[in-house]
Amino acid sequence: MRVLVRLVVGLLLATLVAGAHDTWLVPASFQVQAGRPVQVALNTSEDFPTSEVAAAPDRIARFEAVTDAGRVEVTGYRVEGKSLVAEVTPGSGLTMVAAVTRARLIVLEQEIFNSYIGEEGLEPIVAARAARGQTYADGRERYSKIAKLALAATIDAYNFPEGAILHLYRAIAAGKPGTLSKVGLGTYIDPRVDGGKLNGVTREDLVEILRLGDEDWLFFKAFPINVVFIRGTTSDTDGNITMEREALILEDLALAMAAKGSGGHVICQVERIAERGSLPAKQVKIPGILVDCVVVATPELHMQNYATSYNPAFSGEIR
């Protein structure tokens, strides 16, 4: 009897080259047979899951698989076309694959670099280079556009723990002043350090220290949420949302409630529209009273995850 197992690939933990290029691991199949090798490709491009260039093998700092038998080093990876590929042998049950690359800088001639930064809308970086007398110096960078906006002090930017943010959504929905957490004490999240602020133009304090009993707590302050974008599978004509083909439900309901509680708007992307009253009540995850606008997406813009259009195993419909 053939036993199918699942292969999970981790987002690549790496610092990679300039621009908006990302890197990911793409297996030939997510459902594989225990003991039978499957090819995994390391791809780099702006358009998932394609690859524009193969990473050099000497840039791999670590490449490994984790199975029920433990952690195993992946060796023998090689360049094939525009991908770096390796053979991974899954164990029984869940197999996870991850890779880490060594950081690499791209150095651009000053004219090309200044043009590139200008096209990205990052004139403050051009001005900062001019103020340092570096207008005619070659440039280098390794950050995404959003990161560059934050580092160039063009936008207000914060970085908070994800768990605290999820609790904060619920607090905002409930009309509470915020949420308490110990996660981040003594780190850059702590207001006695940086308060989670990522640049000098970010002034508003969104976290403060509260002393309760004999312990310090971080208090993350509530704030109004103006617009949220969520997704589901089906919407009826009243805006009731089901998620039968979604891999995860996560915090969509809390986000929608927080936005409506703030007087904001909720926009939901779905695959299809159903007639009013046709959806099973128990499958409705977000009631229509919380939804302002529904957008029906084409299949290629409504992938179930980064690499899969739809797999019923991911949504728990089959095993």
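Values quoted throughout were computed directly from the atomic coordinates according to the rules given, and no laboratory measurement underlies them. Small disclaimer: the values here were computed from a predicted structure and weren't measured. Every residue, glycine among them, receives a Cβ derived from its backbone with ideal geometry; neighbour counts consider all protein chains shown.
Based on other C-beta atoms within 10 Å, arrange Tyr306, Tyr77 from fewest to most. Kindly include the intermediate steps, with their values, before the conclusion.
Numbers: Tyr306 12, Tyr77 19.
The most exposed by this proxy come first: Tyr306, Tyr77.
Suppose we keep just the DSSP beta bridges with both residues in the chain; what percent of those would be antiparallel, to 5?
Working: 44 of 62 bridges.
Roughly 70 percent of the DSSP beta bridges within the chain come out antiparallel.
Whole-Hz ³J(HN,Hα) for each residue in segment 51-68, computed from phi via Karplus 6.51 cos²θ - 1.76 cosθ + 1.60 with θ = phi - 60°, x for glycine and proline: what do you get?
Computed from phi, the couplings for segment 51-68 are 9, 9, 7, 8, 5, 5, x, 6, 8, 7, 8, 7, 9, 8, 10, 10, 10, 5 Hz.
Rounded to the nearest 20 Debye, what is the dipole magnitude of the chain about its Cα centre when Lys and Arg each give +1 and Asp and Glu each give -1 at the C-beta? Don't skip to the answer; put the middle values down first.
Details: 32 positive and 38 negative charges, 119 e Å.
So the magnitude is around 560 debye.
Taking N as the number of residues in the chain, what value does Rg over Cα atoms divided by 2.2 N^0.38 Å take?
1.19
Pick out, in residue order, every one of the trypsin sites (Lys or Arg not before Pro) in segment 215-277 that is DSSP loop and has at most 16 other C-beta atoms within 10 Å; say none if there are none. Before the final figure, lay out the partial values.
Details: sites: Lys221, Arg231, Arg245, Lys260, Arg272, Arg276; in loops: Arg245, Arg276.
Qualifying residues, ordered by number: Arg276.
Quick one: if the Förster radius is 25 Å, what FRET efficiency do Arg192 and Glu162 give, using the C-beta to C-beta distance and rounding to 0.05? Provide the component values of the computation, followed by the final result.
Details: r = 22 Å, r/R0 = 0.87.
My answer for the efficiency is 0.70.
Could you sort the peptides 37-46, 185-194 by per-residue average Cβ neighbour count (10 Å cutoff), highest mean leading?
Numbers: 37-46: 18.9, 185-194: 14.3.
The most tightly packed comes first, giving 37-46, 185-194.
For a 20 Å ceiling on Cα separation, which of these pairs sit above it: Lys260/Lys285; Lys182/Lys260; Lys260/Lys282; Lys182/Lys285; Lys221/Lys285? If you can, show how the numbers build up before the last one.
On the way: Lys260/Lys285 16 Å; Lys182/Lys260 28 Å; Lys260/Lys282 22 Å; Lys182/Lys285 30 Å; Lys221/Lys285 27 Å.
Where the Cα-Cα span goes over 20 Å, the pairs concerned are Lys182/Lys260; Lys260/Lys282; Lys182/Lys285; Lys221/Lys285.
When the Karplus curve 6.51 cos²θ - 1.76 cosθ + 1.60 is applied with θ = phi - 60°, which whole-Hz ³J(HN,Hα) does each residue of segment 304-313 get, with x for Gly and Pro?
5, 8, 4, 10, 10, 5, 6, 9, x, 5
Which length gain, in nm to one decimal place, applies between Leu248 and Ile267 when the Cα-Cα distance is subtracted from 0.36 nm times their residue separation? The partial results should precede the final answer.
Values: separation 19, 0.36 × 19 = 6.84 nm, distance 1.80 nm.
Gain in length upon complete extension: 5.0 nm.
Loop only per DSSP, at most 11 neighbouring Cβ atoms within 10 Å: give me the GluC sites (Glu not before Pro) in segment 225-319, ordered by residue number.
Working: sites: Glu244, Glu246, Glu251, Glu271, Glu275, Glu300, Glu317; in loops: Glu244, Glu246, Glu251, Glu271, Glu275, Glu317.
The qualifying sites are Glu275, Glu317.
Across segment 26-43, in residue order, what do the Karplus-derived ³J(HN,Hα) couplings come to in whole Hz, using 6.51 cos²θ - 1.76 cosθ + 1.60 with θ = phi - 60° and x for Gly and Pro?
10, x, 5, 7, 8, 10, 10, 9, 4, x, 9, x, 10, 7, 10, 9, 9, 10
Report the gain in length on full extension from Leu301 to Arg319: 0.36 nm times residue separation, minus Cα-Cα distance, nm rounded to one decimal.
On the way: separation 18, 0.36 × 18 = 6.48 nm, distance 2.56 nm.
Extra length available between Leu301 and Arg319 comes to 3.9 nm.
Search the structure for amide H atoms under 5 Å from the amide H of Gly196, placed 1.01 Å from N in the peptide plane, and list their residues when 5 or more places away or on another chain.
Ile189, Asp190
Tell me the net charge near Leu248. Cut-off is 13 Å between Cβ atoms, Leu248 excluded, with +1 for each Lys or Arg and -1 for each Asp or Glu. Walk me through the intermediate numbers first.
Numbers: positive: Arg231, Arg245, Lys285; negative: Glu244, Glu246, Glu251, Asp252.
Neighbour charge sum, excluding Leu248 itself: -1.
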